[in-house]
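To start, the structure under review is shown below, and the notes come after it.
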Amino acid sequence: MNSKKVNVADVLINNGIVILILLMVLVVGVTKENFFSPSNFSNISINVACRFIIAIGVSGCLITKGTDLSAGRSVGLAACLAGTLLQRADYSGRFELTKNFPELNVWLILLICVAVCCIFGMINGIVVAYLSVPAFIGTLGMQMIIYGINLVYTKSVPLGGYRTDYTVIANGKLFGVFPYLFLIAIIIGAIMWFIYNYTRHGKFMYAIGGNEAAAEVAGVNVKKTKIIIYVSAAALYAIAGFLLGAKSGGAGVNTGNGYELEAIAACTIGGVSVNGGIGRVSGVVIGVLVFELLKTCLQFLGIDPNYQYIAQGIVIVVAIALDIRKYIAKK
């Protein structure tokens, strides 16, 4: 029986980011107090939750050799839409347009946010699938459109004064131990794992990413599948934006700005290939966690926030470069 030889150098290079950040975690954990503490782990899990939901939405686009640069702005739109509709009646700075609206159920507001974002997701899918516009360009245009709509709607007014039944969704804990936000992310992750691995839609998605022409010949409705992917991604962005607003207790037009790049980087670190056809939900979890650990380590080390952006940018570029390297090596 022939067995493939494992090239240690390739393994180390391909997983270099994960290894380096894990080493950083060990160093920071040993040298800085409270890093390995329940409160810090709780904060990390809460921060990972929203970003994971965004990343799992982006992952479907990447698996089909697409992308979604409108993710961050969709998150911001959902956060602002939820914020304008879930302010307290006695809040002095209540949003003018919704001041006289009746108090609506918080879950109904979530459905409204999902429905609005899904409209933009459907447009993204149609532009990519039927007009054959490259996903990078189509979703970049949608990013600007959504941002503009959010500016017009909110008039750039910061939002706050949220109802308790809204903020408790993100800040409450089950049995006083497990953050609701973390549990919601686990449920969504489990649902998406099932869809990716045990449904026709999941099989079609990987087939399109592997070879779109062959998938179409095999009977896969490529256009329909792509639209479903972008619509479902938009629904996840809406949920993430809704939860992010509840977590922070406020929102503004720049909420979610740049989150799509973090999501793409996290997916790539976790093994989701930008060249399509490869990616797992478990990998997305690892990628998001690694990226969040990087930011947490930099904060504990007292690195200037401006330099933190530089470090994150380097990680994004290296992650994409390593993914392309693996793709070229397989050819």
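Yes/no per residue for (1) over 18 Å from the mean Cα position of the chain (by Cα); (2) buried (at least 18 other Cβ atoms within 10 Å of the Cβ); (3) of a type in the set (Asp, Glu); (4) farther than 15 Å from Leu236 by Cβ:
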site	(1), (2), (3), (4)
Phe41	yes, no, no, yes
Ile46	no, yes, no, yes
Cys50	no, yes, no, no
Ala55	no, yes, no, no
Cys61	no, yes, no, no
Ala71	no, yes, no, no
Leu86	yes, yes, no, yes
Val114	no, yes, no, no
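Going by what's in this entry, would Ile126 be described as of a type in the set (Val, Ile, Thr), closer than 15 Å to Ile228 by Cβ and crowded, with 22+ Cβ neighbours inside 10 Å? Walk me through how you get there before you give the answer.
Values: of a type in the set (Val, Ile, Thr): yes; closer than 15 Å to Ile228 by Cβ: yes; crowded, with 22+ Cβ neighbours inside 10 Å: no.
Answer is no for this residue.
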Pairs needed: first member in the range 176-196, within 19 Å of Ile46 (Cβ to Cβ) and free of Cβ contacts under 8 Å to residues at least 12 places away in the same chain; second member anywhere, among the aliphatic types (A, V, I, L, M) and part of a helix (DSSP H, G or I); C-beta distance under 9 Å; at least 6 residues apart or different chains.
Leu183/Ala49; Ile186/Ala49; Ala190/Val281
For the range 226-244, which residues satisfy the criterion of being within 20 Å of Lys203 (Cα to Cα) and surrounded by fewer than 24 Cβ atoms within 10 Å (Cβ to Cβ)?
Ile227, Ile228, Val231, Ser232
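Pick out the one residue from Ile314, Ile278 that is assigned to a helix (DSSP H, G or I) and of a type in the set (Val, Ile, Thr). Please lay out each step first, then the result.
Details: Ile278 fails: assigned to a helix (DSSP H, G or I).
Going through Ile314, Ile278 in turn, the sole match is Ile314.
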Mind checking which residues of the range 159-202 are closer than 25 Å to Ala233 by Cα and aromatic (Phe, Trp, Tyr)?
Tyr166, Tyr180, Phe182, Trp193, Phe194, Tyr196, Tyr198
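Conditions tested, residue by residue: (1) modelled with pLDDT of 90 or more; (2) on the phi > 0 side of the Ramachandran plot; (3) under 18 Å from the mean Cα position of the chain (by Cα).
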site	(1), (2), (3)
Cys80	yes, no, yes
Ala89	no, no, no
Gly93	no, no, no
Glu96	no, no, no
Glu103	no, no, no
Leu108	yes, no, no
Gly138	yes, no, no
Leu159	yes, no, no
Val177	no, no, no
Selected residue (only one of Thr255, Thr164, Thr154 is surrounded by fewer than 17 Cβ atoms within 10 Å (Cβ to Cβ) and either modelled with pLDDT of 90 or more or of a type in the set (Val, Ile, Thr) (or both)):
Thr164
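Mind telling me which of the residues Ala251, Ala240, Ala266 ends up being within 15 Å of Cys50 (Cβ to Cβ) and touching a Phe, Trp or Tyr at 6+ places or on another chain (Cβ under 7 Å)? Explain how you work it out, then say what you get.
Details: Ala251 fails: touching a Phe, Trp or Tyr at 6+ places or on another chain (Cβ under 7 Å); Ala240 fails: touching a Phe, Trp or Tyr at 6+ places or on another chain (Cβ under 7 Å).
Being within 15 Å of Cys50 (Cβ to Cβ) and touching a Phe, Trp or Tyr at 6+ places or on another chain (Cβ under 7 Å) holds for just one of Ala251, Ala240, Ala266, which is Ala266.
Restricting attention to helices (runs of 4 or more DSSP H) lying wholly within the range 26-142, give those where 3 or more residues are over 23 Å from Gly270 (Cα atoms). Lay out the reasoning, then the answer.
On the way: elements: 38-63, 71-85, 106-129.
By residue number, 71-85, 106-129.
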Within the set of pairs 6 or more residues apart or between chains, which connect a residue that is touching a residue at least 12 places away in the same chain (Cβ under 8 Å) and under 17 Å from Ile227 (Cα atoms) inside the range 136-152 to a residue that is in a helix (DSSP H, G or I) and among the β-branched types (Val, Ile, Thr) with Cβ atoms less than 7 Å apart?
Gly138/Val127; Gly138/Val128; Met142/Ile123
Report whether or not Lys247 is at pLDDT 95 or above, closer than 19 Å to Ala71 by Cα, crowded, with 17+ Cβ neighbours inside 10 Å and among the basic types (Lys, Arg).
no
Enumeration of residues in the range 258-280 that are touching a residue at least 40 places away in the same chain (Cβ under 8 Å) and either acidic (Asp, Glu) or surrounded by fewer than 23 Cβ atoms within 10 Å (Cβ to Cβ) (or both):
Gly258, Glu260, Leu261, Glu262, Ser273, Val274, Asn275, Gly276, Gly277, Ile278, Arg280
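Which count do you get for residues in the range 102-146 that are hydrophobic (A, V, I, L, M, F, W, C) and farther than 30 Å from Arg88 by Cβ?
Step one: of the range 102-146, the residues hydrophobic (A, V, I, L, M, F, W, C) are 104, 106-120, 122-123, 126-129, 131, 133, 135-137, 140, 142, 144-146.
Then keep just the ones that are farther than 30 Å from Arg88 by Cβ; that gives 122-123, 126-129, 131, 133, 135-137, 140, 142, 144-145.
Count: 15.
Could you pull out the residue among Lys173, Lys226, Lys203, Lys155 that is within 30 Å of Ser42 (Cβ to Cβ) and charged (D, E, K, R)? So that I can check it myself, show each step before the final result.
Working: Lys226 fails: within 30 Å of Ser42 (Cβ to Cβ); Lys203 fails: within 30 Å of Ser42 (Cβ to Cβ); Lys155 fails: within 30 Å of Ser42 (Cβ to Cβ).
The conditions single out Lys173.
The values are calculated or read from the model by the stated rules, or taken from the named source; none is laboratory data. In this text, all values refer to a predicted model and were calculated from it rather than measured experimentally. Note: ideal-geometry Cβ built from the backbone for every residue, glycine included; neighbour counts use all protein chains shown.
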